[in-house]
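Structure record follows, encoded as structure tokens.
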Amino acid sequence: MSKLHLVFGGRVSDPRTLDFNDLSKIEFVGVFPDYASAEKAWRAAAQRTVDDAEMKFVVVHLHRMLEPNLGATAA
């Protein structure tokens, strides 16, 4: 499976949290096949909104959500 990464962002009530104000206004930057390309897209989106402290973009490791036990070792 590819190590998919999702990049999205939006306006938050507190920049220290992931409490997005309006989920209907979330900006989806895209889904990327590796962390390097996701980070590049995240940096571009974050730089575009650098003067707005209430805008926050994040990278989500979709592969970890889709197969959470992939990295787990047998006990």
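Numbers for the structure displayed
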| read-out | value |
| --- | --- |
| Matching option when the condition is surrounded by 10 or more Cβ atoms within 10 Å (Cβ to Cβ) and either assigned to a loop (DSSP other than H, G, I, E, B) or over 13 Å from the mean Cα position of the chain (by Cα) (or both), among 11, 16 | 11 |
| Residue match in the stretch 54-67 (condition: in contact with a strand residue (DSSP E or B) (Cβ under 9 Å, 6 or more places away or on another chain), touching a residue at least 12 places away in the same chain (Cβ under 8 Å) and open to solvent by 60 Å² or more (accessible area, probe 1.4 Å)) | yes |
| Test: residue in the stretch 27-43 that is assigned to a loop (DSSP other than H, G, I, E, B) and either open to solvent by 90 Å² or more (accessible area, probe 1.4 Å) or among the hydrophobic types (A, V, I, L, M, F, W, C) (or both) | no |
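The values are calculated or read from the model by the stated rules, or taken from the named source; none is laboratory data. Since we're looking at a predicted model, the values are computed, not measured. Ideal geometry is used to build each Cβ from the backbone, glycine not excepted, and the neighbour counts take in all protein chains shown. Note: areas computed on protein heavy atoms with side chains; ligands, DNA, RNA excluded. Shrake-Rupley method; radii C 1.70, N 1.55, O 1.52, S 1.80 Å.
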